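Only one structure is covered here, and it is reproduced in the block below.
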Amino acid sequence: GGTPLRKNFATIGGTYDADRDAFIPPKLFESWILNDITCNWEPPIPYPDDDKNYEWDENTKQWELIDE
């Protein structure tokens with residue numbers, strides 16, 4: 001808990017960027033883009049906002065609905 005000192009908490013596999021003075025978590029997917037403000041990786045398209053469950057498909061670079 002608490003507020004991280006350098007944008008994010010340090011994590012195994014993450015890196016420290018001295019220019020941004022921030023810890024950057026590991027990149028989950030090749031297509032994801034680093035948000036310069038939060039220093040978190042974000043998908044190229046936002047997560048759908050329809051209360052359904054999705055997972056990222058790197059082959060199609062889209063959110064795929066998870067069977068419920």
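The values are calculated or read from the model by the stated rules, or taken from the named source; none is laboratory data. Not measured: the values here are computed from a predicted model. Quick reminder, even Gly has a Cβ in these numbers, built from the backbone with ideal geometry, and neighbours come from all protein chains shown. Calculation scope for accessible area: heavy atoms of the full protein, side chains included, ligands and nucleic acids excluded. Shrake-Rupley method; radii C 1.70, N 1.55, O 1.52, S 1.80 Å.
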Item checked: Residues with amide H under 5 Å from that of TYR54, placed H, sequence gap 5 or more -> ILE66
Next item on the list: Note down the accessible area of ARG6, probe 1.4 Å, to the nearest 10 Å².
Entry: 80
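What is the chain's relative contact order, in percent, from Cα pairs under 8 angstrom and six or more apart in sequence?
19
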Check: For the chain, what is the convex hull (Cα atoms) projected area averaged across all directions, in square nanometres?
Finding: 6.2
Check: ILE37 to ASN53: extension gain in nm, 0.36 nm per residue of separation minus the Cα-Cα distance?
Finding: 3.1 nm
Note to self: Checking the cross-link filter: which lysines have an alpha carbon closer than 24 Å to that of LYS61, excluding same-chain neighbours under 8 positions apart?
What the structure shows: LYS27, LYS52
Next item on the list: Please give, to one decimal in nm, the separation of the simple spin-label points placed at THR11 and GLN62, each 7 Å out from Cα toward the Cβ.
Entry: 2.7
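Return the carbon/sulfur percentage of the accessible area of the chain, one whole number, probe 1.4 Å, all protein chains in place.
Carbon and sulfur together cover 52 percent of it.
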